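Undergrad: Starting off with a structure, shown below.
Just so it is clear, none of the values below were taken in a lab; they were calculated from the coordinates. Please read all numbers here as calculations on a predicted model, not as lab measurements. Cβ placement follows ideal geometry from the backbone for every residue including glycine, while neighbour counts extend to all protein chains displayed.
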Amino acid sequence: MTLEVTDLTVDIGPRRVVSGVSFSVPDGARVGLIGESGSGKSLTALAILGLLPEGATAGGSIRWNGRELLGLRDREIARLRGDEIGIVFQEPRTALNPIRTVGRQIAESIRIHEGATKKDAAARAVAEASRVALPDPGSIVGRYPHQLSGGQRQRVAIAMALACRPRLLIADEPTTALDVTIQAEILELLRTLVADDGMSLVFITHDLAVLSQIATHGVVLEHGRVVEQGAVSQLLSGPVSPVTQGLLRDATATLWRPGGAE
Ligand SMILES: Nc1ncnc2c1ncn2[C@@H]1O[C@H](COP(=O)(O)OP(=O)(O)O)[C@@H](O)[C@H]1O
Ligand SMILES: [Mg+2]
């Protein structure tokens with residue numbers, strides 16, 4: 001299952017905010033989209049997922065397993081999300097319903113995509129909570145999002161995204177809103193789950209140190225354009241574009257901090 005993004009454009013009203021972005025994610029590959037805030041990372045991800053905001057239009061081509069996603073009907077793309085493509089956003093609160101228990105929310109994503117019975121889905125929810133290493137899964141499923149820590153809520157969001165074993169995970173700054181120690185734990189969890197399932201990954205970050213921990217290929221964006229892409233080791237050892245060089249300078253502080261990336 002390969003994702004191929006070719007000459008992607010996103011226009012918001014008269015403004016072109018993503019211009020001619022091309023990259024591909026071969027089966028099982030871990031690709032990072034990296035750039036400063038406002039460089040078009042999230043809109044690129046949202047275009048892939050058919051979740052662009054009102055008034056935004058996408059052009060070019062996004063092929064998933066050979067099938068063109070741009071122009072698919074809402075129902076068809078909604079079906080792909082969760083079934084074949086999982087999503088984790090920066091802020092788990094936005095993914096979670098505050099008035100439903102986390103177990104019910106995990107169970108619902110299982111029921112929608114697999115048509116499991118209520119009872120089976122509830123049992124599976126406990127197993128999925130355990131898989132993302134939530135403490136005391138049997139009882140945590142009965143809690144509400146506000147009763148969990150930020151890191152635990154992000155684990156719930158990850159459980160929901162992965163419950164139906166998608167082939168591709170798109171994670172948009174999944175650790176940015178968390179404390180540094182929790183960031184490392186969530187990154188490690190994602191790395192393990194992606195490896196266990198042999199999923200492909202599109203990981204979005206503004207931090208090259210974070211990127212180097214989870215992705216092998218990096219696509220560097222600036223003002224909605226790709227300025228450089230290549231192996232992450234290459235971006236770290238010989239960045240060509242000034243943008244990548246700047247990201248590397250920012251990241252170096254993190255890489256060398258005790259308990260940092262290395
Ligand atoms: N809903 C929106 N309406 C208008 N402009 C937007 C909207 N979302 C994003 N933009 C603009 O598009 C550009 C890229 O945004 P985004 O993809 O969110 O950047 P990133 O995720 O890299 O921080 C930014 O200039 C941003 O201001
Ligand atoms: Mg963003």
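Undergrad: Within region 1-92, list the GluC sites (Glu not before Pro) lying in a DSSP loop whose Cβ has at most 11 other Cβ atoms in a 10 Å radius.
TA: Numbers: sites: GLU4, GLU36, GLU54, GLU68, GLU76, GLU84; in loops: GLU36, GLU54, GLU84.
When the GluC sites (Glu not before Pro) of region 1-92 are filtered for loop state and at most 11 Cβ neighbours within 10 Å, GLU54 remain.
Undergrad: Against the empirical 2.2 N^0.38 Å scaling, what ratio does the C-alpha Rg of region 60-176 come to?
TA: 1.09
Undergrad: Just to confirm the number: angle between the C-alpha axis of helix 150-162 and the first principal axis of the chain, 0 to 90 degrees, nearest 10?
TA: 90
Undergrad: Given the options TRP64, ILE34, ALA125, identify the residue whose Cα lies farthest towards the positive end of the charge dipole of region 22-155 (+1 on Cβ of Lys, Arg; -1 on Cβ of Asp, Glu).
TA: ALA125
Undergrad: Give the angle, between 0 and 90 degrees and rounded to the nearest 10, that separates the Cα long axis of helix 180-197 from the longest principal axis of the Cα atoms of the chain.
TA: So the helix axis and the longest Cα principal axis differ by about 80 degrees.
Undergrad: So, R0 is 51 Å and r is the distance between the beta-carbons of ASP83 and VAL240; what FRET efficiency does that work out to, to 0.05? The partial results should precede the final answer.
TA: Numbers: r = 38 Å, r/R0 = 0.75.
Plugging the Cβ-Cβ distance into 1/(1 + (r/R0)^6) gives 0.85.
Undergrad: Moving on to the next point. What dipole magnitude, in Debye to the nearest 20, does region 108-229 give about its Cα centre under +1 on Lys/Arg Cβ and -1 on Asp/Glu Cβ? Mind dumping the intermediate values first?
TA: Details: 12 positive and 15 negative charges, 112 e Å.
Charge dipole, region 108-229, about its Cα centre: 540 debye, nearest 20.
Undergrad: Separate question: With springs connecting C-alpha atoms under 10 Å apart, model the chain as a Gaussian network and identify which of ASP196, ASP27, ASP11 has the largest mean-square fluctuation.
TA: Checking each option, the largest mean-square fluctuation is seen for ASP196.
Undergrad: Of the residues VAL17, VAL180, VAL88, which exhibits the maximal mean-square fluctuation in a Gaussian network model of the chain defined by a 10 Å Cα contact cut-off?
TA: VAL180
Undergrad: Rounded, prolate or oblate: which fits the chain, taking a ≥ b ≥ c as square roots of the Cα gyration tensor eigenvalues, rounded meaning a/c under 1.5, else prolate when a/b beats b/c?
TA: On the way: a/c = 1.91, a/b = 1.28, b/c = 1.49.
Here the chain falls in the oblate category.
Undergrad: Express in nm, to one decimal, how much length is gained between THR94 and SER22 on full extension, taking 0.36 nm for each residue of separation and deducting their alpha carbon distance.
TA: Numbers: separation 72, 0.36 × 72 = 25.92 nm, distance 2.86 nm.
Extra length available between THR94 and SER22 comes to 23.1 nm.
Undergrad: Determine the dipole magnitude for the chain: charges of +1 sit on the beta-carbon of Lys and Arg, -1 on that of Asp and Glu, nothing else is charged, the reference point is the Cα centre, and the result goes in debye to the nearest 20.
TA: Details: 27 positive and 29 negative charges, 146 e Å.
The calculated dipole for the chain is roughly 700 debye.
Undergrad: What length, rounded to one decimal in nm, is gained on full extension from LEU51 through to THR9, with 0.36 nm per residue of separation minus their alpha-carbon distance?
TA: On the way: separation 42, 0.36 × 42 = 15.12 nm, distance 1.44 nm.
Gain on stretching LEU51 to THR9: 13.7 nm.
Undergrad: Compute the distance from the alpha-carbon center of region 55-87 to that of region 193-257, in whole Å.
TA: 25
Undergrad: Viscosity 1.002 mPa s, temperature 20 °C: what is the translational diffusion coefficient of region 1-132 from Stokes-Einstein with a Kirkwood Rh over Cα pairs, rounded to a whole number of µm²/s? Let's see the in-between values first.
TA: Numbers: Rh = 16.6 Å.
Here the translational diffusion coefficient equals 129 µm²/s.
Undergrad: Sticking with this one: Step through the residues of region 45-60 one at a time and calculate ³J(HN,Hα) from phi using the Karplus curve (6.51 cos²θ - 1.76 cosθ + 1.60, θ = phi - 60°), rounding each to whole Hz and writing x for Gly and Pro.
TA: 3J(HN,Hα) across region 45-60, in whole Hz: 5, 5, 5, 4, 8, x, 10, 4, x, 3, x, 9, 10, 10, x, x.
Undergrad: Now a separate question. Please identify, among ILE158, ILE112, ILE62, the residue showing maximal mean-square fluctuation in a Gaussian network model of the chain using a 10 angstrom Cα cutoff.
TA: Looking only at ILE158, ILE112, ILE62, the largest GNM fluctuation is found for ILE112.
Undergrad: Per the Cauchy relation, a quarter of the hull surface: what is the mean projected area of the convex hull of the alpha carbons in region 156-262, in nm²? Mind showing how you got there, number by number?
TA: Working: hull surface 28.2 nm².
If I average the Cα hull's projected area over directions, I get 7.0 nm².
Undergrad: Taking H placed 1.01 Å from N in the peptide plane, check which residues at least 5 places from ALA29 or on another chain put their amide H under 5 Å from its amide H.
TA: The list, which skips near neighbours in sequence, is LEU201.
Undergrad: Tell me the relative contact order for region 147-227 as a rounded percent, counting alpha carbon contacts under 8 Å between residues six or more apart. Numbers along the way, then the final one.
TA: Numbers: 62 pairs, mean separation 23.2, N = 81.
After rounding, I find 29 percent.
Undergrad: Once you have the Cα-Cα distance between ARG165 and LYS119, take 0.36 nm times their residue separation minus that, and quote the gain in nm to one decimal. Before the final figure, lay out the partial values.
TA: Values: separation 46, 0.36 × 46 = 16.56 nm, distance 1.95 nm.
Answer, rounded to one decimal: 14.6 nm.
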